[in-house]
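Contents: one structure, followed by commentary.
The values are calculated or read from the model by the stated rules, or taken from the named source; none is laboratory data. Every value quoted in this text rests on a predicted model; they were computed, and no experiment measured them. Cβ placement follows ideal geometry from the backbone for every residue including glycine, while neighbour counts extend to all protein chains displayed.
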Amino acid sequence: MAGGDSPRQKMINMMYIVLIAMLALNVDTKVLKKFILINESFESTNSEKTVDNSNKVETIRAAVEESGNRSEDIRVLTLSESVREKSNALINHMGDIKSLIVEETGGKDSKTGIKGYKNIDFVYSYMNKDENKDNLTNGDDLQILINEFSTFVLDSVYNGDKESGIHDLARNADQIPMYADNPPTDPSFSTLNFGFGTSAGAGLATISQLQAEVINLEIKALDKLAASVGAADLKFDVVSLTTLPEQKVVAAGAKYKTQLFLSAASSAIVPTMTADGDTLEVSNGRGYYEFVAKGGNYDGEGLSKQSYIGSISVTLPGGRDTTFIDTVEYFVARPVIQIQSASVQALYFNCGNELTVNVPALGSEYNPTFSARGGDVVRGSKAGVVTIIPKSKKVDLNVSNAGNFIGSQSFGVRQIPAPEIKARIKGKEIDAKSGIPVSTPSFSLDAIADASFAEFLPKDARFQVREAEINLVRAGRGVSRQRVNSKNVNLNKLAGKRKGDNIVIEIKKVARANFLGEVEEFKNFAPRYITIPLK
């Protein structure tokens, strides 16, 4: 956009404002050094724009000559040269002040740069000095020079049009809306920008920021002047072949359809382009527009009809402003959600069911977020990986991308299969018919997970017997008993064992550790009673 700040310039401006605020909090030298970096960024950008402005004047000069040196065009060329000269003189003057700040605070070191960037005395002292003995400080003089330039542009380029948006660049606080509710005690330009305690680095960055304001105003002025001479004549000198394919990506075997035509533009005009009210960045006569497509109200083919209004405004020969407007239609396809999992059709209750969710249509833009109804979700370390912990009989997984809802997928929820309790000695199951020798010292009660469940979710298939009652039974009557609080059973504690007796085990509690290592009581297990004969 003509005269506007680039994204880089906006970023530099924002960093400058943040650092000024932090300076007021008396932050450390690391922040003070940041002002030097901000100053360098401003200077780099300003230098590039200054070269561009010189080239714009030459473009106007060439256009005037090509148009036959018409008197009205020559007047515009003369004015553009005057704008360039006044801007250049003002920029150089501010550059001299910056050089003085650097010199008076210790100069530069070839390795470390500006030595006195932490100096908080010189900038304030210099800006408040009345060197000319005219009751105006150096800060006042700078403010006057800057505002004289903006007034010159307003009067000469915009014919005093107050609606042009041109205003004083060096304003006092009481002229700035941001300070209307809480004006500072001293609203002067000098105090606002170069108040007591301003470091040398902050002073340099502030002056560079003011230089940027001057250069941006110059850009706006030169663009307007260029649009009023032969440089704005609608002469198409940029011609290129353009293709308009129905689709850029087609499947093998499908038809590729496109239109080929010549596109023509004029390098002498700088059009203003918008899309749905958003001003676009224009380069080489082309505006670039991108946004995140939003769907909704899909038809039977999974397409959602959408549109935006595009406009291009240009100044035609004779100074007449013309705007071309069109409504551009496009279609948003419903994204297809693909689920990859060991068990896609159903999930297991209160378990960590890991899924990989893909939306191929989004390509490299895919960076999803997830939410669920009927369960909890844990986002994985890779894009598209999510773990669902169901808390009800059904779970709806919602998928969004860049804040836009993509779709949802419903899952049924299975109960965890009951583990089988087995009495084993050194991993070998005890034969309930033949039994064990009466001298057997111990055995274990192992809770064995369902094989299919353990294969799908091994981290959730960890069961353990936590409590059991061991009864010694003889001729149908209990002889002795013991209670164990682990899976291990010590038969030596069961007194009075004889051949022919039976050990009757009642399983009281079984626990399960989930994928997070959390332990819960698990009430669904079998068998609950185990009988082992002694021989």
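How many residues does region 194-215 hold that are assigned to a helix (DSSP H, G or I) and over 17 Å from I91 (Cβ atoms)?
Counting residues in region 194-215 that are assigned to a helix (DSSP H, G or I) and over 17 Å from I91 (Cβ atoms) gives 4.
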| message | Suppose we keep only residues that are part of a loop (DSSP other than H, G, I, E, B) and either without any contact (Cβ under 8 Å) to a residue 24 or more places away in the chain or outside the structural domain of D501 (by TED's automatic domain parsing) (or both) within region 420-460. Which one would you say is farthest from V336 (Cα to Cα)? | response | S439
| Number of the condition not met by F411 [criteria: (1) buried (at least 16 other Cβ atoms within 10 Å of the Cβ); (2) among the aromatic types (F, W, Y); (3) farther than 25 Å from E518 by Cβ] | (3)
| query | Here are some conditions: (1) modelled with pLDDT of 95 or more; (2) polar (S, T, N, Q); (3) within 17 Å of G352 (Cβ to Cβ). Q464 meets all but one. Which one does it not meet? | reply | (3)
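Please verify whether S486 is modelled with pLDDT under 95, surrounded by 14 or more Cβ atoms within 10 Å (Cβ to Cβ), among the hydroxyl-bearing types (S, T, Y) and farther than 30 Å from E354 by Cα, treating the condition exactly as stated.
no
Working only within region 361-414, note down all residues that are polar (S, T, N, Q) and either in contact with a helix residue (DSSP H, G or I) (Cβ under 8 Å, 6 or more places away or on another chain) or assigned by TED's automatic domain parsing to the domain that holds N297 (or both).
N401
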| field | Residues that are under 42 Å from the mean Cα position of the chain (by Cα) and hydrophobic (A, V, I, L, M, F, W, C), drawn from region 130-143 | value | L142
| Subset of region 100-143 [surrounded by 13 or more Cβ atoms within 10 Å (Cβ to Cβ), of a type in the set (S, T, Y) and farther than 26 Å from A173 by Cβ] | T105
| query | Which residue, of D96, D73, is within 24 Å of L154 (Cβ to Cβ) and of a type in the set (D, E)? | reply | D73
| request: Working carefully through the options A231, A254, A226, find the one that is at pLDDT 75 or above, of a type in the set (G, A, S) and surrounded by 21 or more Cβ atoms within 10 Å (Cβ to Cβ). | output: A226
| said: Given the criterion crowded, with 19+ Cβ neighbours inside 10 Å, among the β-branched types (V, I, T) and either at pLDDT 90 or above or out of contact with any helix residue (DSSP H, G or I) (no Cβ under 7 Å at 6 or more places or on another chain) (or both), identify the matching residue among I470, I425, I436. | reply: I470
| note | Apart from one, (1) among the charged types (D, E, K, R); (2) in a strand (DSSP E or B); (3) farther than 30 Å from G285 by Cβ all hold for K305; the odd one out is (3)
| remark: Of the conditions (1) at pLDDT 85 or above; (2) in contact with a Pro (Cβ under 7 Å, 6 or more places away or on another chain), the single one that A361 does not satisfy is (1)
